[in-house]
Amino acid sequence: MRRYIIVYLILFIPGNAFAQIDKIVGNWVETKCVRTDTLDSGRDELNKDWKAYTKGYKTLDPKKYTHSYYIIPEEEDKLKLTITKEEDFFWATDGKKLKEKIIYKPDFKEYLITIKQYVGSYSYIVKYDAETDKLLFLNYRYEEISSEFERKK
């Protein structure tokens, strides 16, 4: 009996752990996103040593110099993603100009996506919330929700 339990644990438990991430495959629609504004005090701080901030030597404390708030995007502004699985990574595409890989980063122990926006590119941790059946993009530095997606029916 003990042998059967060990075989069961070896065969079925790892499969369940990896099957969890496959739930991100499908069509997703952005329902809310976070916008962050730099406060006047943050702009003053940036202007004191502009080169150090733009080159990444210094960073602003987000709790002290920024204000973040949720917005619900208009229908035409919502990001609509289709996520498909390849061998060891995922593709996220909007069917227009966005086609990015979602890859596993061992140093973060998370799946990450990098999206080019405006003048730079931003990396997000990709998480699936099984309780609410929502896909979350988290800011990789602060692990705060940046975008929330619902499954498109």
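The values are calculated or read from the model by the stated rules, or taken from the named source; none is laboratory data. None of these values were measured; they are calculated from a predicted model. In this analysis, Cβ positions are derived from the backbone assuming ideal geometry, glycine residues included, and neighbour counts consider all displayed protein chains.
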State whether one or more residues within segment 103-124 are without any contact (Cβ under 8 Å) to a residue 12 or more places away in the chain and β-branched (Val, Ile, Thr).
yes
Select from segment 19-53 the residues that are among the hydroxyl-bearing types (Ser, Thr, Tyr) and touching a residue at least 40 places away in the same chain (Cβ under 8 Å) and list them in ascending order.
THR31
Being over 21 Å from SER121 (Cα atoms) and in a strand (DSSP E or B) is the filter here; which residues of segment 71-102 pass it?
THR84, LYS85
Do we find that LEU135 is part of a strand (DSSP E or B) and in contact with a helix residue (DSSP H, G or I) (Cβ under 7 Å, 6 or more places away or on another chain) in this structure?
yes
Across segment 53-74, what is the total count of residues that are modelled with pLDDT under 90, surrounded by 10 or more Cβ atoms within 10 Å (Cβ to Cβ) and over 27 Å from THR31 (Cα atoms)?
5
Would you point out the residue of segment 95-126, among those that are charged (D, E, K, R) and at pLDDT 90 or above, that is surrounded by the fewest Cβ atoms within 10 Å (Cβ to Cβ)?
LYS99
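The rows are residues; the columns are (1) modelled with pLDDT under 90; (2) surrounded by fewer than 14 Cβ atoms within 10 Å (Cβ to Cβ).
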position	(1), (2)
ASN47	no, yes
ASP77	yes, yes
THR84	no, yes
TYR128	no, no
PHE137	no, no
Taking the criterion of being modelled with pLDDT of 90 or more and surrounded by fewer than 10 Cβ atoms within 10 Å (Cβ to Cβ), would at least one residue in segment 4-25 satisfy it?
no
Out of GLU100, GLU87, GLU143, sole residue that is over 30 Å from GLU45 (Cα atoms), out of contact with any Ser or Thr (no Cβ under 7 Å at 6 or more places or on another chain) and either hydrophobic (A, V, I, L, M, F, W, C) or without any contact (Cβ under 8 Å) to a residue 40 or more places away in the chain (or both)
GLU87
Do we have LYS99 as on the phi < 0 side of the Ramachandran plot and either over 13 Å from the mean Cα position of the chain (by Cα) or among the aliphatic types (A, V, I, L, M) (or both) here?
yes
